[in-house]
Structure formats: structure tokens, C-alpha cells
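Novice: Would you mind keeping the following structure in view while I ask a few things?
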Amino acid sequence: MSVTVRVPAKVNVQLAVGGARPDGFHDLANVFLAVGLYDEVTVTEADSFALTCTGPGADQVPLDRTNLAARAAFALAERHGLGEPAIHIHIAKDIPVAGGMAGGSADAAGALLACDALWGTNASREELLDICAELGSDVPFSLVGGAALGTGRGEKLELLDVGGEFWWVFAAADGGLSTPAVYREFDRLSPDAPEPVAAPALLEALRTGDVEALAATVTNDLQPAALSLFPSLTDTLAAGTSAGALAALVSGSGPTTAFLAADEPSARRVAAALAGSGACRTARVAPAPAPGATLL
Ligand code: C5P
């Protein structure tokens, strides 16, 4: 028997970062938006544990028990006293790997939901969210999708209303960025970061579906750190802006860059210009908001 779950990528339309906490994490005001780029996670009963991955960047994905999807399965099995999971997890990747779009978190949320269905553990939403929060700061959002404000280290979610559809272009870079390294660079560049707060104008732009207002309010406090570690992203951002994007920003900790377009035709023009500019590896168009982890 096997179960497949589809899980979306995310972009942070606001990522406000405070100073480092005693536990090493940073307090955030993190406005997540799920976007229509998806990984698919299939979990099949097997004789012993195995994990495989196909798709762009699959060679950089760990295939052992350190993979966040494997850790999700083991965590659910342990909570329900099921012993070591005898399953094959297959990840069909489409979300850029190590790209700042929560691909690893998406796979963890997908594996968790798939195992819950396969094993009939019937975990409550609350228990699933608890396990997600233990696995990583972005994992709870991958489960719920849509749009949400994440506080704490990003794992405490308040769902947000979105009043329309937003069209995005995502430019994948050659290479990845390590999230801890980007946060360390943030600490070096911003030693006195103020307490993070969500911007009321940005929440209002999401609520009303006003693309121009959203474009005027998107911010990412990790962007200077990502640009410092990956300087060529400055050219990618400029290429998207000159191609007609209403806003250009680094996605999360990068190095994927995100471009907000006026509508779908405009997004397609921006993507074609970016793809032809040599300033990125690939450019993809995706609408938002997208649903969270979904059983297929
Ligand atoms: O929670 P997650 O495992 O995704 O975090 C990866 C790394 O990113 C952490 O080890 C930490 O260095 C950094 N991080 C942080 N503050 C957050 C979220 C992540 O410093 N709120």
C-alpha cells in the first residue's frame, strides 16, 4: 500500500528578524505565503527503511535518516510506539534544493501526513503541528499552507486571510546557501536588531489582495546577509526589476530570488527575461496562495 502527499514551497513576504536568543535561534515576525511549486512525497510499505529522491538537485538531498522527511516518519512512529518504520519514502522534487523555499520542510510535512494516513495513526492536527515544530521552524507552515504569520522562531502560526491571487517568479541560483550561515552573517551585520513586528500595511495588502500594496511592503531582513554571502544575487534582483517585476527580494535565506508580478502574463514575461538574462539558472512562475500538504 502507498500514500502520496503534495506539499507546496513558500516565500516569506515579510521576514523580520530579531537578535539571537540564548538557544541560538532568532525571534521572527515571519509572514509565510505558500506558492504553487510542489514536491510529492510517496510513502510505501516495505521490508526495511529506504529513501529515494528524483528531480532537479536530487543529488544534494541526503538519503539517510538525517533527511527531515525520514525524521518526520521516525518521530510519528516513536510517538505511537510503532517501532522502526519499515517504509520506502520517495521524494519527487520540484522545489529548489537549499533554496530558501522550505523544500526540506515541505518533504517533512509531506512524509508526516503520508505516514499518518498509511499507518492509520489518526494524529490530531495539534499533534501533527507539534511534531512539525520539533522538526524545524518552517515545517508547521508547510503542513498548513495558505498564508500565516509565524512568531517565536517561526513555528507559532496565526493563519492569515488572503483576498486574491498573487503571481510570482522564482529564479533558482547555481548553488545553495546554508541557513545557519546566513543567520550568522545577519548577526554580524545587525548586532542591534530591534524586536521583530509584522507590518500592518503588508497584512492589509494580503487581506485585500492588492498586489501593488504588497509589492510596496515586502521586506526580508535576511536579504543583506544573503547578498553579502552570494553577491551575484544583486544582479539577479536587478534583472527581474528591469524586466517589469513590481518587487524583487531574496526568498527566505536564499539564494532563490522572488519576483512579484502584476498578473500572470506579466509573470511569464519576467520569467522569460530572467531565463534569457544569464542572471539565474532557471526561472519558474507560480501563483499564491497554495494549499498546504494534501493527500492525493
Ligand atoms: O528550525 P530550522 O532547523 O529550520 O533552522 C535552521 C537554522 O536556521 C537553525 O539552526 C538556526 O541557525 C537558524 N534559525 C534561526 N532562527 C530561526 C530559525 C532558524 O537562527 N527563527
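All of the numbers you see were taken from the coordinates with simple rules; none came from a lab. As the structure is a computational prediction, the values presented were derived from the model and not from experiment. Cβ coordinates were reconstructed from backbone atoms using ideal geometry, including for glycine residues, and neighbour counts include every protein chain displayed.
Novice: I want to verify the translational diffusion coefficient of segment 236-285 in µm²/s; compute it with Stokes-Einstein, Rh as the Kirkwood radius over Cα pairs, at 20 °C and 1.002 mPa s.
Specialist: On the way: Rh = 10.5 Å.
Stokes-Einstein gives a translational diffusion coefficient of 205 µm²/s.
Novice: What's the ranking of 163-172, 19-28 by average number of surrounding C-beta atoms within 10 Å, highest first?
Specialist: Answer by packing, highest mean first, reads 163-172, 19-28.
Novice: May I pose another question? Taking only DSSP H segments of four or more residues, each worth -39500 (n - 2.57), what value at 222 nm results for the chain once the sum is divided by all its residues, to the nearest 500 deg cm²/dmol? Can you show the working numbers first?
Specialist: Numbers: 10 runs with 104 residues, N = 296.
Estimated from H runs of four or more residues: -10500 deg cm²/dmol.
Novice: Also: Starting from the Kirkwood radius over alpha-carbon pairs of segment 47-128, derive D by Stokes-Einstein at 10 °C in a medium of 1.306 mPa s and give it in µm² s⁻¹. Could you put the intermediate results ahead of the total?
Specialist: Working: Rh = 13.0 Å.
Calculated translational D: 122 µm²/s.
Novice: How big is the convex hull of the Cα atoms of segment 168-296, per residue, in Å³?
Specialist: Given the Cα convex hull of segment 168-296, per-residue volume reads 137 Å³.
Novice: Under 5 Å between amide H atoms, partner at least 5 residues away or on a different chain: which partners does residue 37 have, H built in plane at 1.01 Å?
Specialist: Amide H neighbours of residue 37, under 5 Å, 5+ apart: 9.
Novice: Using all alpha carbons of segment 19-68, what is the percent of pairwise distances in each 5 Å bin, ordered from the shortest bin to the longest?
Specialist: That works out to 4, 12, 15, 16, 13, 16, 15, 7, 2, 0, in percent per bin.
Novice: Suppose R0 equals 25 Å; then what is the FRET efficiency for residue 23 and residue 63 from their Cβ-Cβ distance, rounded to the nearest 0.05?
Specialist: Details: r = 29 Å, r/R0 = 1.18.
Rounded to the nearest 0.05, the efficiency is 0.25.
Novice: Also, I was wondering about something else. Quantify how much of the Cα-Cα distance distribution of the chain extends past 23 Å, in percent. Write down the numbers at each step before the final one.
Specialist: Details: 23024 of 43660 pairs.
Counting every Cα pair in the chain, those more than 23 Å apart make up 53 percent.
Novice: I'd like the orientation of helix 125-135 relative to the chain: the angle between its Cα long axis and the longest Cα principal axis, in ° from 0 to 90, rounded to 10.
Specialist: 70
Novice: Another question, then. Using the Cα atoms of segment 133-237, I'd like the radius of gyration and the largest Cα-Cα distance, Dmax, both in angstrom.
Specialist: Gyration radius and largest Cα-Cα distance of segment 133-237: 15.3, 38 Å.
Novice: Classify segment 140-198 as rounded, prolate or oblate, taking a ≥ b ≥ c as the square roots of the eigenvalues of its Cα gyration tensor: rounded when a/c is under 1.5, otherwise prolate if a/b is larger than b/c and oblate if not.
Specialist: Values: a/c = 2.05, a/b = 1.28, b/c = 1.60.
Oblate, because a/c is 1.5 or more while a/b does not exceed b/c.
Novice: Okay, next question. Please give the direction-averaged projected area of the C-alpha convex hull for segment 55-185, in square nanometres with one decimal.
Specialist: Details: hull surface 37.9 nm².
Average of the hull's projected areas for segment 55-185 equals 9.5 nm².
Novice: From the backbone phi of segment 259-272, what are the Karplus-calculated ³J(HN,Hα) couplings (6.51 cos²θ - 1.76 cosθ + 1.60, θ = phi - 60°) in whole Hz, Gly and Pro given as x?
Specialist: Here the 3J(HN,Hα) series is 10, 8, 10, 5, 6, 5, x, 5, 4, 5, 5, 4, 5, 5 Hz.
Novice: What list of ³J(HN,Hα) values in whole Hz, one per residue of segment 109-116 in order, does the Karplus curve 6.51 cos²θ - 1.76 cosθ + 1.60 (θ = phi - 60°) give from phi, with Gly and Pro shown as x?
Specialist: So the J values, rounded to whole Hz, are 4, x, 5, 4, 5, 5, 5, 4.
Novice: So what is the relative contact order for the chain, in percent, with contacts set as C-alpha pairs under 8 Å and at least six apart?
Specialist: On the way: 744 pairs, mean separation 77.3, N = 296.
Once divided by the residue count of the chain, the mean separation gives 26 percent.
Novice: Only Cα pairs under 8 Å and at least 6 apart count here; give the relative contact order of segment 43-186 as a rounded whole percent.
Specialist: Values: 197 pairs, mean separation 32.0, N = 144.
Dividing the mean separation by the residue count of segment 43-186 yields 22 percent.
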